[in-house]
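Readers should treat all values here as calculations from the given coordinates under stated rules, not as data from a laboratory. This structure is a prediction, so every number in the text was calculated from the model and none was measured. All Cβ positions, even for glycine, are placed from backbone atoms using ideal geometry, and neighbour counts span all protein chains on display.
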Amino acid sequence: MAKFVEIDNKNLETWEDEYDGKLQVHYRQDVEPILERNKMMRNDSLTDHGIKHDFWLYASIPPVVILKLKYEYGLDVGNRNHIKRVVEVINRDFPFLKCTEKTHTISH
């Protein structure tokens, strides 16, 4: 049975379990408030005004999804070399993380 370890300031829960004598770490997070905020921003085009000023909030990514991108997709959102692929994956697999209806592509 999984044992609760901690919860951080972003409400990311850490749980641990043992399976076949190996420690497994699991992460859980209630992402509903983030998704609702993203939806509201998309519906109201709140982030689109900054495009002309080189500033645009494209997506808001919860920590549990950042971990999923790292461990399941091999992508580090903090690595400049991964950003093009991160945007592609968000567009394809996680469109509900977007704060805009527009689609961003990175050419390099």
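Descriptive notes on the structure:
- Some residue of segment 64-78 being in contact with a Ser or Thr (Cβ under 7 Å, 6 or more places away or on another chain) and not in a helix (DSSP H, G or I): no
- Every residue from segment 1-41 that is within 19 Å of the chain's Cα centre (by Cα) and assigned to a strand (DSSP E or B): ILE7, GLU13, THR14, VAL25, HIS26, TYR27, ARG28
- Segment 6-24, subset free of Cβ contacts under 8 Å to residues at least 12 places away in the same chain and in contact with an Asp or Glu (Cβ under 7 Å, 6 or more places away or on another chain), residue surrounded by the fewest Cβ atoms within 10 Å (Cβ to Cβ): LEU23
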